[in-house]
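Attaching a single structure in structure tokens format; questions to follow.
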Amino acid sequence: MDEHDISTETLADRLNQEPVIFRGSTNSELGMILLCAIVFWLPAGLLLAGLFGAPVMGLGIATLGVLATIVFGSTGFQRIKRGRPDFYYQHCLILKLHQWGLRSSTLIVRHGAWDLGLTLPRSFHSHR
């Protein structure tokens, strides 16, 4: 099979990680940034605009805040991820939540030497 015969559908099945789509962030990372930005900026924008007596202006403030958060948040993720292995910050977050007792973790957190738990009989050493 010629490598030019491979369709884009086949190539998408071969991805090991999510592809980066905006400023070093993947689709799921952008979704998380978007959700956090909306949860923060919608009430903050409406409250701020309500103080000025123009509650409809709050939607504009919230929209600008969400867009700015996406741009600067994805830039922040890009800096955090630079030079680190895949899933670095996710593992850091999971471990921090585990330390605080907010989430259980299946990640192994152990310092020290590892062995197989096997011991060789003394006769093995003497035959060498």
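The values are calculated or read from the model by the stated rules, or taken from the named source; none is laboratory data. None of these values were measured; they are calculated from a predicted model. Backbone-built Cβ (ideal geometry, glycine too); neighbour counts: all protein chains shown. For accessibility, only protein heavy atoms count, side chains too; no ligands or nucleic acids. Shrake-Rupley method; radii C 1.70, N 1.55, O 1.52, S 1.80 Å.
Kindly indicate whether any position in the range 53-60 is free of Cβ contacts under 8 Å to residues at least 24 places away in the same chain, open to solvent by less than 70 Å² (accessible area, probe 1.4 Å) and aliphatic (A, V, I, L, M). Step through it out loud before you land on a result.
Restricting attention to the range 53-60, the residues satisfying the condition of being free of Cβ contacts under 8 Å to residues at least 24 places away in the same chain are 53-60.
The next check asks that each one be open to solvent by less than 70 Å² (accessible area, probe 1.4 Å); those that pass are 53-54, 58, 60.
Those left that are additionally aliphatic (A, V, I, L, M): 54.
Yes, because at least one residue in the range 53-60 is free of Cβ contacts under 8 Å to residues at least 24 places away in the same chain, open to solvent by less than 70 Å² (accessible area, probe 1.4 Å) and aliphatic (A, V, I, L, M).
A follow-up question, please. For the range 15-128, which fully contained helices (runs of 4 or more DSSP H) count at least 3 residues that are touching a helix residue (DSSP H, G or I) at 6+ places or on another chain (Cβ under 6 Å)? Step through it out loud before you land on a result.
On the way: elements: 27-51, 57-81, 88-99, 122-126.
Of the helices (runs of 4 or more DSSP H) lying wholly inside the range 15-128, those with at least 3 residues that are touching a helix residue (DSSP H, G or I) at 6+ places or on another chain (Cβ under 6 Å) span 27-51, 57-81.
So which residues in the range 61-109 are open to solvent by 40 Å² or more (accessible area, probe 1.4 Å), within 24 Å of Val20 (Cα to Cα) and aromatic (Phe, Trp, Tyr), if there are any at all?
Result: Phe72, Phe87, Tyr88.
When you look at Gly117, is it at pLDDT below 80 and either more than 30 Å from Asn16 (Cα to Cα) or open to solvent by less than 90 Å² (accessible area, probe 1.4 Å) (or both), yes or no?
Values: at pLDDT below 80: yes; either more than 30 Å from Asn16 (Cα to Cα) or open to solvent by less than 90 Å² (accessible area, probe 1.4 Å) (or both): yes.
Considered against the rule, which asks whether it is at pLDDT below 80 and either more than 30 Å from Asn16 (Cα to Cα) or open to solvent by less than 90 Å² (accessible area, probe 1.4 Å) (or both), Gly117 comes out as yes.
Taking the condition farther than 29 Å from Val20 by Cα, surrounded by 15 or more Cβ atoms within 10 Å (Cβ to Cβ) and more than 28 Å from the chain's Cα centre (by Cα), does Leu46 pass? Quick ask: steps written out before the conclusion?
Details: farther than 29 Å from Val20 by Cα: yes; surrounded by 15 or more Cβ atoms within 10 Å (Cβ to Cβ): yes; more than 28 Å from the chain's Cα centre (by Cα): yes.
Here the answer is yes, as Leu46 does meet what is asked.
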